[in-house]
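Undergrad: This is the structure I want to talk about, given as C-alpha cells.
The values are calculated or read from the model by the stated rules, or taken from the named source; none is laboratory data. Bear in mind that the values here come from a model prediction, so they are computed numbers and not experimental data. Neighbour counts are summed over all protein chains in view; Cβ atoms, including those assigned to glycine, are modelled from backbone coordinates with ideal geometry. SASA here: full protein model, heavy atoms, side chains in, ligands and nucleic acids out. Shrake-Rupley method; radii C 1.70, N 1.55, O 1.52, S 1.80 Å.
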Amino acid sequence: MATEKDLRDYLRLPLADTRARLAELIESGDAVPVSVEDWPAAYTAPGLRVPRQVASRALLCPFDSLIWTRERTERLFGMRFRLEIYVPEAKRVHGYYVLPFLLGETLVARVDLKADRQSGVLQVKAAHVETVAPDETAVELAQALRELADWLGLAEVVIGRRVRLANELRRACRAL
C-alpha cells in the first residue's frame, strides 16, 4: 500500500511520470485506490490480503526501502526516525548510526551499534525501546544482534551503559 508520493520516491520517478504510470495501473486494474484513515489517497494491488500475523525480526539499515522515506515510516509505524550521523554528538537523541528493529509488523526499538572488528565485538552503544514489552523485545533483539555479529564475523555482543533494557538484553544474550 502506498501513496502517489511513496511510489514516486520509491521508484525515483518525476511527478508527471508517476501520475501517468499510476493512471495506467489503475486503468488496467493493476492498482486499486484504497482509503486509509489519516492518509492521503493510497493505492494497493488488487486482491491484496492482509495476513493475520506477520512473523518477522530484522535490524533495518537506515537506507532500507521499508523505512527510507521518513514520512512514510512515521505514517506506517508511528516512529519518527532520523539519521543522526551529521548531528553533533551532544545533540543526538538516539545515537550515531541507529538501526530500527522490526518485530512482527512493528518497529519496537532502535539500536546504535558499532562493529569493533579489532576486538571481535559488536557493541550495543544504545538501545531505545519503543514498546511496552521489553522482555519479548530483548529476547528477539538479542537473537537479531547475535545473527548480525555472526554475519560480521564478530565473536561477542557487548551491551553498553546507555541501553535502557540493558539487564534484559544481557540476560537474553547470555541465554543464546
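Undergrad: Within region 137-148, track down each residue that is surrounded by fewer than 22 Cβ atoms within 10 Å (Cβ to Cβ) and in contact (Cβ under 8 Å) with a residue 12 or more places away in the chain.
TA: Narrowing region 137-148 to residues surrounded by fewer than 22 Cβ atoms within 10 Å (Cβ to Cβ): 139-140, 143-144, 146-148.
Val139, Glu140, Gln143, Ala144, Arg146, Leu148, listed by residue number.
Undergrad: Another question, if that's okay. Which one is surrounded by the most Cβ atoms within 10 Å (Cβ to Cβ) among residues in region 44-81 that are touching a Leu at 6+ places or on another chain (Cβ under 7 Å) and free of Cβ contacts under 8 Å to residues at least 60 places away in the same chain? Please lay out each step first, then the result.
TA: Narrowing region 44-81 to residues touching a Leu at 6+ places or on another chain (Cβ under 7 Å): 56-62, 66-67, 77, 79.
Next cut, free of Cβ contacts under 8 Å to residues at least 60 places away in the same chain only: 56, 60-62, 66-67, 77, 79.
On the way: Ser56: 11, Leu60: 19, Cys61: 13, Pro62: 17, Leu66: 15, Ile67: 21, Phe77: 18, Met79: 16.
Filtering first and then ranking leaves Ile67.
Undergrad: Here is a further query. Among the candidates Ala31, Ala20, single out the residue that is free of Cβ contacts under 8 Å to residues at least 40 places away in the same chain, in contact with a Phe, Trp or Tyr (Cβ under 6 Å, 6 or more places away or on another chain) and at negative phi. Can you show your working first?
TA: Working: Ala20 fails: in contact with a Phe, Trp or Tyr (Cβ under 6 Å, 6 or more places away or on another chain).
It is Ala31.
Undergrad: Continuing with the same structure: I want to confirm something. Restricting to region 154-176 and keeping residues that are small (Gly, Ala, Ser) and out of contact with any strand residue (DSSP E or B) (no Cβ under 9 Å at 6 or more places or on another chain), which single residue is most open to solvent (accessible area, probe 1.4 Å)? Spell out the reasoning first.
TA: The first filter runs over region 154-176 and keeps only residues small (Gly, Ala, Ser), leaving 155, 160, 166, 172, 175.
Cutting the leftovers down to out of contact with any strand residue (DSSP E or B) (no Cβ under 9 Å at 6 or more places or on another chain) gives us 172, 175.
Working: Ala172: 14, Ala175: 87 Å².
Out of the qualifying residues, it is Ala175.
Undergrad: Which of the residues spanning region 82-103 are open to solvent by 50 Å² or more (accessible area, probe 1.4 Å) and more than 16 Å from the chain's Cα centre (by Cα)?
TA: Hits for region 82-103 are Tyr86, Pro88, Glu89, Ala90, Lys91, Arg92, Val93.
Undergrad: Looking only at region 167-174, decide whether some residue is under 17 Å from the mean Cα position of the chain (by Cα) and either among the hydroxyl-bearing types (Ser, Thr, Tyr) or in a helix (DSSP H, G or I) (or both).
TA: Taking region 167-174 first, the residues under 17 Å from the mean Cα position of the chain (by Cα) are none.
Scanning region 167-174 turns up no residue that is under 17 Å from the mean Cα position of the chain (by Cα) and either among the hydroxyl-bearing types (Ser, Thr, Tyr) or in a helix (DSSP H, G or I) (or both).
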